[in-house]
Structures are given as C-alpha cells and as structure tokens.
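For reference, the structure is listed below as structure tokens.
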Amino acid sequence: MAAISIRNVSKSYGHGAKANRVIHGVSAEIADGEFIVIVGPSGCGKSTLLRMVAGLEEITGGEIAIGGRVVNDIEPARRDIAMVFQNYALYPHMSVFDNMAYGLKIAKVPAAEIRRRVDKAAAILQLQPFLARKPRELSGGQRQRVAMGRAIVRQPQVFLFDEPLSNLDAKLRAQTRLEIQKLHRELGVTSLFVTHDQVEAMTLGQRLIVMNAGRMEQIGTPEEVYARPATTFVAGFIGAPPMNLLRGHAEGTHFVAEGDATLALPHAAPRDGALMLGVRPEHTDIGAAGGWALEVEMLEMLGAERLVHGHVGPAAFTLRIDGTRQPPHVGQTVHVAVEATHLHWFDPTDGRRVA
C-alpha cells in the first residue's frame, strides 16, 4: 500500500500556441489506504487524471508520486498499480480462474502461489462456484467481479477504477458498490475511483475530488462537499435534485431575486450587493404567505418523498416534501419557506463560496 501525491499536475495535447490544455494544475494528497472518488461530468478530465496516475498518459507538467517515489517517467508495469476498467477486458476463451491468474503466470509466479491468491480473491468476491466457467456464462456483475479479482491477485500498492460500474444496471450497480466497500475494508489498499455518478461518489468515497473542465473544484469528505460546496458548480452537481441557485441583490435582511421575488432573511446576508443564494430542496417547504411565490409546474412522486417543481422569477426551483403529505396541484401557486440555518451564499462573478 502507498500514499499518492499529485502535485500541480497538468496535461496538454499538442504544442505551442495550438496546445489544448485539458488538466489545469491539479494537486491532491491521498493517504495510504484511503479511498478517493474523482467525480465530475463527462469530459471534465477525471479519467485523464487517473490515466496519468496509471502511466497511460504522459504528464505535461507537475509531479506524481506513489509511495514516496516519483513515477513521472516510470512505465505503468513498474508502478505497482492495478486498474479496473469500464469494459471488463476478459479473455473470452479462458476460464474465470485463468483470467484471474493470467498476469501472475506472465510474471512467472509459482503455481501454488497463483492458486492461493486466486482462491483468496474468489472467496472475497464470492466467485468460487464460477472459477471453471467462461466469461460468456456469467452475468455482467459477475464479469466485473472477475475483473476486480484479476486486480486483487496482483496485490498492488494502488487500485485504480475507471467507471467500472457504468455497464451494469441499477440493481447490479448497488450490489457491486457494496462489494467494493467490503473489498476496501478487507484489503485497505489505496484506491482512486472515477465516476460521473454522484450516488457512487457519495456512497463510496472517503473523500471526493470534484472536477470541472480540467480543474479541481473541491476536495473533501462527502459530508463536507454536500454541506459546504465551495462553488456553484459543486452545489449544482452534487445532490439529487441539485441545489436551487438564485441570482439577486442583498440588502441587509432582504434578498431580492431576479424577477423581483423578495425573501425576508432571518439575519443579514454576508454582504450587501450582488450575490447568489443557494438552498437545497430538502431545506425548503411550502409555507404561509410571505415566502417566494412558486407556481407548481410538475410533481414527482418518489415514494417516501415528493418533488415539487416550479420557478422563482426566471430561475427553476425545486422543493422536497414528505411523500405522505397532500401535495399541491399543477398550476397552483404556493409560497416557499426556507430553513434559515441552511442558506448558502456565492459570488455571482466567479461562483466561489462567500458564506
């Protein structure tokens, strides 16, 4: 096992004035045994960053160290990492056992040691009944477990996961998330996990690296990222549904959103002038007159809860209410009540958190 240091790492394709920079000075310190999730939308650079740690992409600038050893110029095979990809990349003509053992055979590990490692990994992943089967005889979830088993038997310092659950259906994704959590608890190997799925990120990661357009927007525990997003991007990306964000103007204990919707604040805003106010749907409710007026445009029944969608001024706005309550009807105007202790303030120019 080993810590990972990512120090001001950048990546560009091409040279000179026409170079396309896709990673902009990312820095992060990942502790030995930590499980880090790199999350962000498609095209944000998260897989590129992972591939640079793996050695599959050259680094344009900065430095990556694994276990205290700088690996910028070290080939992937000598970095002591194991990678699990989105596609399982199993050999179709080989059995599960042979797929898991193949890398060890190439490395000329003794047969008895190969058997011991494969049997141990199969037990961890509940693959013992399938060791003689071919990949075509397995479900998608079982194939992904074989791919993870192939990584486990190598006993690497670091596991790298590149969207390994994307090809699974929702039920299998949930089951495999639990297996990955149990796997990390048992092995304690430093892990980097890339996903665009915030549910995977929030449930798996001990800390999250939130990426946007090649930049690291925030790093922190899931609780920190959710409760105190550093930017409007993080506020809008983490959370389902995302945080409501309203542009407007603060004057003491009043906030006037675009469209002249006025909210009386329980205490003064952090500053007067242009601000962006954020409030999560679960920190809102339907209240008495005096809150923002919202015309109900759509309702979503999600079992234990209901989402009420509408607009406050020109901005889309969502409330989350208890599923057992009598809901408003589409076209009805309701008034939004917000919890005073859960207001978030951002600078409308650069999107950074103010308070």
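The values are calculated or read from the model by the stated rules, or taken from the named source; none is laboratory data. Everything quoted here is computed from the prediction, not taken from an experiment. Don't worry about glycine lacking a Cβ; one is built from the backbone with ideal geometry, like all the others, and counts go over all protein chains shown. The accessibility values were calculated without ligands, DNA or RNA, using every heavy atom of the protein model including side chains. Shrake-Rupley method; radii C 1.70, N 1.55, O 1.52, S 1.80 Å.
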**Item:** 14 Å beta-carbon shell around Thr253, net charge (K/R +1, D/E -1)
**Value:** -1
**Complete:** Of all trypsin sites (Lys or Arg not before Pro) in region 102-151, the ones in DSSP coil with at most 13 other Cβ atoms within 10 Å are Lys108
**Complete:** Sorting Ser139, Ser5 on solvent-accessible surface, 1.4 Å probe, most exposed first, gives Ser139, Ser5
**Request:** Can you check what the net charge comes to around Val22, using other residues whose Cβ is under 15 Å from the Cβ of Val22 (Lys, Arg +1; Asp, Glu -1)?
**Result:** +4
**Asked** Which angle from 0 to 90°, rounded to the nearest 10, does the C-alpha axis of helix 111-124 make with the longest principal axis of the chain?
**Response** 20
**Cut-off under 5 Å, modelled amide H: who pairs with Gly205 long-range** = none
**Asked** Which of the listed residues, Val146, Met52, His24, is farthest toward the dipole's positive end in the chain, when Lys, Arg count +1 and Asp, Glu count -1 at the beta-carbon?
**Response** Val146
**Amide proton proximity set for Met211, modelled H, under 5 Å, gap of 5+** = Val39, Gly40, Glu217
**Asked** Whole-Hz Karplus ³J(HN,Hα) for region 38-55, in order, using 6.51 cos²θ - 1.76 cosθ + 1.60 and θ = phi - 60°, x for Gly and Pro?
**Response** 9, 10, x, x, 4, x, 8, x, 5, 5, 4, 4, 4, 5, 5, 4, 6, x
**Asked** What does the accessible area per residue of region 226-271 come to in Å², with a 1.4 Å probe and no ligands, DNA or RNA counted?
**Response** 46
**Message:** Of the listed values [x] 33, 58, 10, 0; [y] 26, 46, 25, 3; [z] 29, 57, 13, 0, identify the label whose number matches P(r) over Cα pairs in 20 Å bins from 0, in percent calculated from this model.
**Reply:** [y]
**Complete:** Long-range amide H partners of Ala2, meaning residues 5 or more apart or on another chain whose placed amide H is closer than 5 Å, are Gly33, Thr190
**Request:** For the chain, give the magnitude of the charge dipole about the Cα centre (Cβ charges: +1 Lys/Arg, -1 Asp/Glu; no others), in debye to the nearest 20.
**Result:** 1800
**Asked** Under a straight-distance cross-link criterion of Cα-Cα below 17 Å, which aspartates and glutamates are reachable from Lys120, leaving out those fewer than 8 residues away in the same chain?
**Response** Asp98, Glu179, Glu186
**Item:** Gaussian network model of the chain, Cα within-10 Å springs - most flexible of Ala250, Ala288, Ala213
**Value:** Ala288
